[in-house]
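K.L.:
Let me give you the structure first, and then I'll get to my questions.
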Amino acid sequence: MRVDALTDVPGVRVGHATRRGDGWLTGTTVVLAPEGGAVAAVEVRGGGPGTKETDALAPRNLVRTVEAVVLTGGSAYGLDAASGVMAWLEEQGRGVRVGPDPSHVVPVVPAACVFDLGRGGDFQNRPDAATGRAAVEAAAASEGGGHVPEGCVGAGTGAVVGSFKGGVGTASTVLGSGITVAALVVANAVGSAVDPETGVLYGELFQGPVKYPDARVHEAAHRRLAEAAERNAPSPLLNTTLAVVATDADLSKAQAQKLADAAHDGIARAVRPSHLLNDGDTAFALATGARPLGSGSPLALNEILAAGADQVTRAIVRAVRAAETVDGPGGTWPAYEDLYGAR
């Protein structure tokens, strides 16, 4: 049964580790590939990325598959979460074989971070190796094809989009060929997901007829956002939207690279402006290879690329709608649903 999530791609699992309260507002999300790995690629378009092991994914380089992708809060400090995921994978004997013994593996674990430092109140509270291990263990223990929690969880716990609370969102579709294409995002952007003139989510403009908020609702929302901004201390414009697009299609590394490229179209539709110098916008692509691409023609691949961008847009909309208002020592960020949900 489809759950409209990244886990609709057979074998792909998602786990979150969330830290909230007592000065914390951050976390880590791990996308765990099927055992044996998935073909992987990445495209970075933000001007201020924080990443690990992304160079290894270039089509010209040796590494073809990865066992997991880590998305984390904590800015560059939070990339330490990948160490915990590597340790867990090594214990399972999963990674690039580098010796005669089956335990001689080096897990390649690409990772990317979002900026959320201090949003819980304590600048020094950020994910570490233990957080990464907790997230990958949660992914491994999850039910295949199961529901993926959205909103203020995992790497989206401290996420902010413009003046609104951000978070994690996910979405999927099944093409006429039977191939599944899905996305998971951490929406945490300098730009906004909301049209300031109408209050409608930009991403919803690409999903059919839109019900615009009543003018009085929109005016009230503006007032509440302005009040929240007055209470917040000035913060650095350091954000990032992260995405993982997965498919069960049999893609080469070069084709997966095109899928990672296309994912950024989905970000640009839902967040304006995007890919700024202050963002670290990064998109990963995973292909499990369970379904043939068919004739392998450009048309077959183009359908997957278009679907990938569409699912990223949908996932950002869902992230913003699933977010919860945060009002704590680190700041106040209203949730979209609290301001516009009752139209």
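The values are calculated or read from the model by the stated rules, or taken from the named source; none is laboratory data. What you see is a predicted model; the values in this text were computed from it and never measured. All Cβ positions, glycine included, derive from the backbone under ideal geometry; neighbour counts span all protein chains shown. Side chains are part of the model used for accessible areas, which takes the heavy atoms of the whole protein and leaves out ligands, DNA and RNA. Shrake-Rupley method; radii C 1.70, N 1.55, O 1.52, S 1.80 Å.
K.L.:
Evaluate the relative contact order of region 228-301 (contact order divided by residue number), counting alpha-carbon pairs under 8 angstrom at least 6 apart; express in whole percent.
P.N.:
Values: 85 pairs, mean separation 33.6, N = 74.
Computed over region 228-301, the figure is 45 percent.
K.L.:
Leaving ligands and nucleic acids out of the surface, order LEU299, LEU89 by accessible area at 1.4 Å, largest first. Provide the component values of the computation, followed by the final result.
P.N.:
Details: LEU299 140, LEU89 0 Å².
Sorted by accessible area, descending: LEU299, LEU89.
K.L.:
ARG2: accessible area at probe 1.4 Å, nearest 10 Å²?
P.N.:
120 Å²
K.L.:
Of the accessible area of the chain, with the probe set at 1.4 angstrom, what percent is carbon plus sulfur? Display every interim value, and only then the final one.
P.N.:
Values: 6870 of 13530 Å².
Whole-percent figure for carbon plus sulfur exposure: 51.
K.L.:
Hey, another quick one. Roughly how many Å is it from the Cα centre of region 79-94 to that of region 168-215, as a whole number?
P.N.:
33 Å
K.L.:
Go through HIS275, HIS222, HIS264 and list them by solvent-accessible area, largest first, probe radius 1.4 Å. Write out the running numbers ahead of the final one.
P.N.:
Values: HIS275 55, HIS222 85, HIS264 0 Å².
Output order, biggest surface exposure first: HIS222, HIS275, HIS264.
K.L.:
Follow-up question, since we're still on this one. Work out, step by step, the length gained on full extension between ARG97 and GLU197: first 0.36 nm times the residue separation, then minus their alpha carbon distance; give nm to one decimal. Kindly include the intermediate steps, with their values, before the conclusion.
P.N.:
Numbers: separation 100, 0.36 × 100 = 36.00 nm, distance 5.49 nm.
Length gained between ARG97 and GLU197: 30.5 nm.
K.L.:
Here is a follow-up. Positive end of the dipole of the chain, charges at C-beta (+1 Lys, Arg; -1 Asp, Glu), about the Cα centre: which of VAL210, GLY330, GLY289 has its Cα farthest in that direction?
P.N.:
Going by the charge dipole, the pick is VAL210.
K.L.:
How much accessible area per residue does region 217-343 have, in Å², with a 1.4 Å probe? Provide the component values of the computation, followed by the final result.
P.N.:
Working: 5220 Å² over 127 residues.
Per-residue accessible area for region 217-343 comes out at 41 Å².
K.L.:
How do SER252, SER177 rank by accessible surface area computed with a 1.4 Å probe, from largest to smallest? Could you put the intermediate results ahead of the total?
P.N.:
On the way: SER252 50, SER177 70 Å².
Listed by decreasing accessible area, they come as SER177, SER252.
K.L.:
With a ≥ b ≥ c the root eigenvalues of the C-alpha gyration tensor of region 1-71, is it rounded (a/c under 1.5), prolate (a/b larger than b/c) or oblate? Before the final figure, lay out each step's value.
P.N.:
On the way: a/c = 2.20, a/b = 1.18, b/c = 1.86.
Oblate, since a/c reaches 1.5 and b/c is not below a/b.
K.L.:
Would you mind getting the Kirkwood hydrodynamic radius of the chain from its Cα pairs, rounded to one decimal in Å? Numbers along the way, then the final one.
P.N.:
On the way: mean 1/r = 0.0509 Å⁻¹.
Every distinct Cα pair counted, the radius reaches 19.6 Å.
K.L.:
log₁₀ I(q)/I(0) of region 294-343 at q = 0.19, 0.25 Å⁻¹, via Debye over equal Cα point scatterers, no solvent, to two decimals?
P.N.:
Debye intensities relative to I(0), on a log10 scale: -0.71, -0.91.
K.L.:
Per 0.36 nm of contour for each residue apart, how much would the distance between LYS211 and ARG224 grow if the chain were fully extended, relative to their Cα-Cα spacing? Before the final figure, lay out each step's value.
P.N.:
Values: separation 13, 0.36 × 13 = 4.68 nm, distance 2.12 nm.
That pair, LYS211 and ARG224, stretches by 2.6 nm at full extension.
K.L.:
Figure the gain on full extension for MET1 and LEU175 (residue separation times 0.36 nm, minus the Cα-Cα span) and round it to one decimal in nm. Present the calculation step by step, with values, prior to reporting the outcome.
P.N.:
Working: separation 174, 0.36 × 174 = 62.64 nm, distance 1.53 nm.
Taking 0.36 nm per residue and subtracting the Cα distance, the gain is 61.1 nm.
K.L.:
Just LEU32, LEU62, LEU201 to compare: in a GNM of the chain, with alpha carbon springs under 10 Å, which one fluctuates most?
P.N.:
Result: LEU62 has the largest fluctuation of those listed.
K.L.:
Quick one: dipole size for the chain, taken about the Cα centre, charges +1 on Lys/Arg Cβ and -1 on Asp/Glu Cβ, in debye to the nearest 20.
P.N.:
Working: 28 positive and 37 negative charges, 58 e Å.
I would put it at about 280 debye.
K.L.:
Right, another one. Return a whole-number percent for the relative contact order of the chain, with Cα pairs under 8 Å and 6 or more residues apart as the contact set. Please list the in-between numbers first.
P.N.:
On the way: 997 pairs, mean separation 84.4, N = 343.
Across the chain, relative contact order equals 25 percent.
K.L.:
Quickly rank 123-130, 162-169, 148-155 as a protection proxy: mean count of other C-beta atoms within 10 Å, highest first.
P.N.:
On the way: 123-130: 19.1, 162-169: 27.6, 148-155: 25.6.
Result, highest mean first: 162-169, 148-155, 123-130.
K.L.:
Taking the chain as a Gaussian network, Cα atoms linked when under 10 Å apart, which of VAL185, VAL30, VAL210 shows the biggest mean-square fluctuation?
P.N.:
In the Gaussian network model the winner is VAL210.
K.L.:
Ok, one more. Determine the calculated [θ] at 222 nm for the chain from helices alone, applying -39500 (n - 2.57) to every DSSP H run no shorter than 4 residues and normalising by the residue count; nearest 500 deg cm²/dmol.
P.N.:
Calculated at 222 nm, the ellipticity per residue is -8500 deg cm²/dmol.
K.L.:
Still on this model: Please give the helix 81-91 orientation as an angle from the longest Cα principal axis of the chain, in degrees from 0 to 90, rounded to the nearest 10.
P.N.:
Here the helix axis deviates by roughly 30 degrees.
K.L.:
Can you give the net charge of the other residues whose Cβ lies under 14 Å from the Cβ of MET1, counting K and R as +1 and D and E as -1? Let's see the in-between values first.
P.N.:
Working: positive: ARG2; negative: ASP4, ASP8, GLU143.
Value of the local net charge: -2.
K.L.:
So, one more: Given +1 on the Cβ of Lys and Arg, -1 on the Cβ of Asp and Glu, and no further charges, what dipole in debye does region 125-266 carry about its Cα centre, rounded to the nearest 20? Provide the component values of the computation, followed by the final result.
P.N.:
On the way: 10 positive and 15 negative charges, 57 e Å.
Value, rounded to 20: 280 debye.
K.L.:
Which whole-percent values make up P(r) of region 135-247 when all C-alpha to C-alpha distances are grouped in 10 Å steps starting at zero?
P.N.:
12, 33, 33, 17, 5, 0
K.L.:
Now, a different point. What residue among ASP122, ASP265, ASP248 has the largest mean-square fluctuation in a Gaussian network model of the chain, using Cα springs under 10 Å?
P.N.:
Between ASP122, ASP265, ASP248, it is ASP122 that shows the largest mean-square fluctuation.
K.L.:
Further, regarding this structure: Mind pulling the angle between the C-alpha long axis of helix 215-231 and the longest principal axis of the chain? Nearest 10 degrees, somewhere in 0 to 90.
P.N.:
Computed tilt is about 80 degrees.
K.L.:
What lysines could a cross-link reach from LYS258, if we take a straight Cα to Cα line under 21 Å and drop same-chain neighbours fewer than 8 places away?
P.N.:
Qualifying lysines at Cα under 21 Å: LYS52.
K.L.:
Would you work out which of ALA228, ILE179, ALA189 lies farthest towards the positive end of the dipole of region 171-235, given +1 charges on the beta-carbon of Lys and Arg and -1 on that of Asp and Glu, about the Cα centre?
P.N.:
Value: ILE179.
K.L.:
Tell me, what is the 1.4 Å probe accessible area of ILE316, in Å² to the nearest 10?
P.N.:
So the heavy atoms of ILE316 present about 0 Å² to solvent.
K.L.:
Hey, rough spin-label estimate for ALA141 and GLU324, points 7 angstrom out along Cα→Cβ, what's it come to in nanometres?
P.N.:
With each label placed 7 Å out from Cα toward Cβ, I get 2.0 nm.
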